[in-house]
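All of the numbers you see were taken from the coordinates with simple rules; none came from a lab. Just so it is clear, the structure is predicted and the values come from calculations on it, not from any experiment. For neighbour counting, all protein chains shown are included, and Cβ atoms are generated from backbone atoms with ideal geometry for every residue, glycine included.
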Amino acid sequence: MKTEMDFEELMDEAYGLPNGPAKLGMLEEAARVADVNGMEEEAYEARSEIVETATFCGYPMKALIAFSWQLGKFDQQPEEYDEETLMWSYKWILGKLSSFPEVSRDKIMELLEDFGQRFKSFGYSERSYWYYRFRISMDLGELEEAGSSYAKFRTMDRDFMSDCEACEQDEMMRYFILTGDDEKVLEMAKPILKGRMSCAEIPHLTLSEILMPLYRLGRTAEADKHQQKGYRLIKGQNDFVRSFAEQMDYLARTNPAKGIDVLEESLVFAMANEDPFAKMLFYARTAPLLRRWADESPEYRLRLPASFPYEGDPGDLRKLADYFAGYAQTAADKYDQRNGNRHVSSLLG
């Protein structure tokens with residue numbers, strides 16, 4: 001049987017790895033060792049690390065499972081565990097929860113309110129509650145409520161439990177993308193593009209998000225520069241499936257050959273990613289790219305991963321496009337049913 005020393009060795013090795021499947025696997029093994037040996041505090045530590053790592057490397061379902069264990073253990077013995085660690089995990093979970101259409105709107109709002117009550121009871125600023133209400137409202141397509149929450153959290157003081165400024169700025173950009181204000185999107189992007197705000201995922205996300213606003217404003221030369229830089233930052237990383245989708249959306253209109261390169265290099269990440277919303281967007285953006293490429297290169301045979309579940313001819317790009325589009329619409333219908341509106345379907349157009 002593995003021992004406490006094995007646990008420490010596994011955690012030390014995990015801490016030395018970048019976010020990714022290898023680190024996640026190491027943390028899961030550490031949690032197993034802790035469970036087998038009845039090491040509850042160590043098991044809690046491992047699962048808090050699993051939540052963070054899984055959230056940021058494309059495995060949100062693993063994060064949800066680990067967080068459920070973490071929350072249950074905290075509520076059994078709150079005096080034994082650090083609430084700060086718990087609440088950071090809670091924030092990361094709230095940021096991913098609405099990506100799962102099987103989680104009802106009522107359950108999402110119940111957890112948001114529970115989060116807010118806990119935050120208040122621990123003496124933290126309510127800014128994070130209103131910020132996550134803002135984000136969840138956007139996810140659910142409730143843009144009027146998102147606007148109200150946006151105005152609310154912006155008036156509140158930051159504290160050490162607030163998300164980083166770069167992440168908040170990027171989410172504010174997303175709000176103006178959803179409301180269709182391209183000029184405001186680019187205004188909000190300025191401090192990120194000028195390097196005044198950054199973090200582990202910013203400007204990586206931002207550089208792909210601004211491509212279509214720039215395209216609609218006729219600023220394609222500027223967009224091309226951001227596309228190239230943005231793709232260099234995210235290439236080969238499975239946590240940026242939504243960004244790959246945004247890249248393909250832009251390239252389908254401006255350089256479909258390059259778009260096909262992005263598709264073939266990143267499809268394997270979309271297949272493996274546990275975030276169904278990101279996968280839906282990726283598949284949705286793949287369809288028009290394939291149709292455009294079928295017009296320009298009708299003899300082309302798409303290079304699909306060996307495990308891709310498609311039995312048709314990869315040389316029939318139009319039928320392949322229909323496959324991707326059908327998958328995306330089926331997924332969008334589930335979100336629309338959960339949300340009670342057509343917001344997600346509207347994102348596919």
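Multiply the residue gap between Asp157 and Ser346 by 0.36 nm, knock off their C-alpha separation, and tell me the result in nm, one decimal place. Mind dumping the intermediate values first?
Details: separation 189, 0.36 × 189 = 68.04 nm, distance 3.47 nm.
Difference between extended and current length: 64.6 nm.
Using the structure shown, select from Lys152/Lys184; Lys229/Lys258; Lys190/Lys279; Lys190/Lys258; Lys194/Lys279; Lys62/Lys235 the pairs with a Cα to Cα distance greater than 21 angstrom. It would help to have the intermediate numbers written out before the result.
Details: Lys152/Lys184 19 Å; Lys229/Lys258 14 Å; Lys190/Lys279 28 Å; Lys190/Lys258 26 Å; Lys194/Lys279 30 Å; Lys62/Lys235 23 Å.
Beyond 21 Å between Cα atoms: Lys190/Lys279; Lys190/Lys258; Lys194/Lys279; Lys62/Lys235.
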Förster-model FRET efficiency, 56 Å R0, Tyr310 and Lys194, C-beta, rounded to 0.05:
0.85
Checked against the structure, the computed log10 I(q)/I(0) by the Debye sum over Cα atoms at q = 0.11, 0.13 Å⁻¹ among [x] -0.94, -1.07; [y] -0.79, -1.09; [z] -0.69, -0.97 is the one labelled [y]
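So what is the relative contact order of the chain, in percent, for Cα pairs below 8 Å that sit 6 or more residues apart?
Once divided by the residue count of the chain, the mean separation gives 11 percent.
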Cβ-placed point charges (K, R +1; D, E -1), dipole of the chain about Cα centre in debye, nearest 20:
1820
Placing +1 on the Cβ of each Lys and Arg and -1 on the Cβ of each Asp and Glu in the chain, which of Leu207, Thr254, Tyr15 has its Cα farthest towards the positive end of the resulting dipole?
Thr254
How far is it, in nm, from the label point at Glu40 to the one at Gln337 when both lie 7 Å from their Cα along the line to the Cβ?
4.1
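How large is the charge dipole for segment 40-191, taken about the Cα centre, if only the Cβ atoms of Lys, Arg (+1) and Asp, Glu (-1) carry charge, to the nearest 20 debye?
Values: 18 positive and 33 negative charges, 87 e Å.
So the magnitude is around 420 debye.
Report the full-extension gain for the segment Glu264 to Thr220: residue separation times 0.36 nm, less the Cα-Cα distance, to one decimal in nm.
Details: separation 44, 0.36 × 44 = 15.84 nm, distance 2.35 nm.
Taking Glu264 through Thr220 to full extension adds about 13.5 nm, to one decimal.
For a quick check of your reading of the filter: which trypsin sites (Lys or Arg not before Pro) in segment 156-250 sit in a DSSP loop and have no more than 11 other Cβ atoms within 10 Å? Write down the numbers at each step before the final one.
Numbers: sites: Arg158, Arg174, Lys184, Lys194, Arg196, Arg216, Arg219, Lys225, Lys229, Arg232, Lys235, Arg242; in loops: Arg158, Lys194, Arg196, Arg219, Lys235.
Here the trypsin sites (Lys or Arg not before Pro) that fit, given the DSSP loop and packing criteria, are Lys194, Arg196.
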Within 10 Å of each candidate Cβ there may be at most 15 other Cβ atoms; applying that plus a DSSP loop requirement, which chymotrypsin sites (Phe, Trp or Tyr not before Pro) in segment 269-349 survive?
Tyr300, Tyr310
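When you have a sec, figure out the Kirkwood radius of segment 66-211 from all distinct Cα pair distances and drop it here in Å to one decimal?
Values: mean 1/r = 0.0617 Å⁻¹.
So the Kirkwood estimate lands at 16.2 Å.
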Highest-MSF residue in the chain out of Gly259, Gly312, Gly230 [GNM, Cα springs under 10 Å]:
Gly312
Could the peptides 27-39, 141-153 be put in order, highest first, of the mean number of other beta-carbon atoms found within 10 Å of their residues?
27-39, 141-153
